[in-house]
Amino acid sequence: MSVKAKQPFKRVAILGLGLIGGSIAAAMKARDLAVVIVAFDLAPAELAQGLALGLIDEAAESAKAAVQGADLVILAVPVLAIEPLLVQISRVVSESAVITDVGSVKSPIIDAARRQVPSLLARIVPGHPIAGSEQHGVQAANADLFLRHKVILTPLPETQESSLAKLTVFWQAVDADVVEMSPAHHDAVLAQTSHLPHLLAYALIDTLSMQGDSLEIFDYAAGGLRDFSRIAASDPVMWRDIYQANSGPVLEILDRYMKELMALRELIANGQSEELTAVLTRAKLARDHFSVLLSQRSQTTHAKEIP
């Protein structure tokens, strides 16, 4: 159920007008959540297209220019670009502005904020919408991208309650489901549910593309390969930053996965069909169990929304 914001933000600055930044702008426009939306992006073409599509009202020449007078600042750039961006805007951003990000890793961003811009901590609310697409760029913006998707907020001990409340209402107003967790827990969960699957997809496509006739392999690819490999079309720079920023949790789950993979290899090599069947069956039962739980949760949530 949508939550109607009591009043729209007067001026929203979006730094980074890609898929997520563009979709936030589109969602706000569709729901009348901002009086003025201004954006800055290193690619002038993205800004020009954002203006042409009516997603933003102004294209700023710099990050500093974009945030001046804004009461909400959204950092929608690759994770490793957030720290220098915070430093750039720290002296010009309004003292009443709420600052958030959409990065897939939280702990390094928070550490950087504490180190570089401690004066902003009370107004920083780290966030991460669990929504996206293999497409990128503002041309892929979708006003309903966040519909019934989770948005994880990881407020700091220093975060003002008013800043957290404003951002919570904002995400609810674009029809997202808001949850809170600690930064460390967020990074560990996302390493398992998002970062590892993307890494495996990239590795699989890289492996298959180096075969003798890779075109034939993809020509005969069944639905499973197409579905799984789709995420390997995501932005490489964004994912490079994620793996560098969240290397600890990613390496931990990757090592566990590689150990399991080697165990499966041994079962296949040794012809241990019963043991192999047991592993495959265990995985299927777990997937079926989680599917049922998720379906029940979705039905319960939907029932609560019906007046």
In this structure, is A34 closer than 24 Å to K150 by Cβ and at pLDDT 95 or above?
yes
Restricting attention to strands (runs of 3 or more DSSP E) lying wholly within the range 125-233, give those where 2 or more residues are acidic (D, E).
177-180
Where A30 falls short, out of the listed (1) touching a residue at least 24 places away in the same chain (Cβ under 8 Å); (2) under 13 Å from Q139 (Cβ atoms); (3) in a helix (DSSP H, G or I):
(2)
Criterion (touching a helix residue (DSSP H, G or I) at 6+ places or on another chain (Cβ under 7 Å), crowded, with 20+ Cβ neighbours inside 10 Å and at pLDDT 95 or above) met by exactly one of A191, A184, A176
A191
What number goes with the only condition from (1) β-branched (V, I, T); (2) without any contact (Cβ under 8 Å) to a residue 40 or more places away in the chain; (3) open to solvent by less than 80 Å² (accessible area, probe 1.4 Å) that V250 does not pass?
(2)
Would you check which residues across the range 56-86 are open to solvent by 50 Å² or more (accessible area, probe 1.4 Å) and either polar (S, T, N, Q) or touching a Cys at 6+ places or on another chain (Cβ under 8 Å) (or both) and list them?
Q68
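Every residue, every condition in (1) open to solvent by less than 60 Å² (accessible area, probe 1.4 Å); (2) under 30 Å from V179 (Cβ atoms); (3) at pLDDT 90 or above, yes or no:
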residue: A232; (1), (2), (3): yes, yes, no
residue: D235; (1), (2), (3): yes, yes, no
residue: R240; (1), (2), (3): no, yes, yes
residue: L264; (1), (2), (3): yes, no, yes
residue: V279; (1), (2), (3): yes, no, yes
residue: R287; (1), (2), (3): no, yes, yes
Only one of (1) assigned to a loop (DSSP other than H, G, I, E, B); (2) among the small types (G, A, S); (3) in contact with a helix residue (DSSP H, G or I) (Cβ under 6 Å, 6 or more places away or on another chain) fails for G50. Which number is that?
(1)
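The values are calculated or read from the model by the stated rules, or taken from the named source; none is laboratory data. Nothing here was measured: the structure is a model prediction, and the numbers come from that model. Note that we place each Cβ from the backbone using ideal geometry, even for glycine, and neighbour counts take in every protein chain shown. Ligands, DNA and RNA are excluded from the accessible area calculation, which covers all protein heavy atoms including side chains. Shrake-Rupley method; radii C 1.70, N 1.55, O 1.52, S 1.80 Å.
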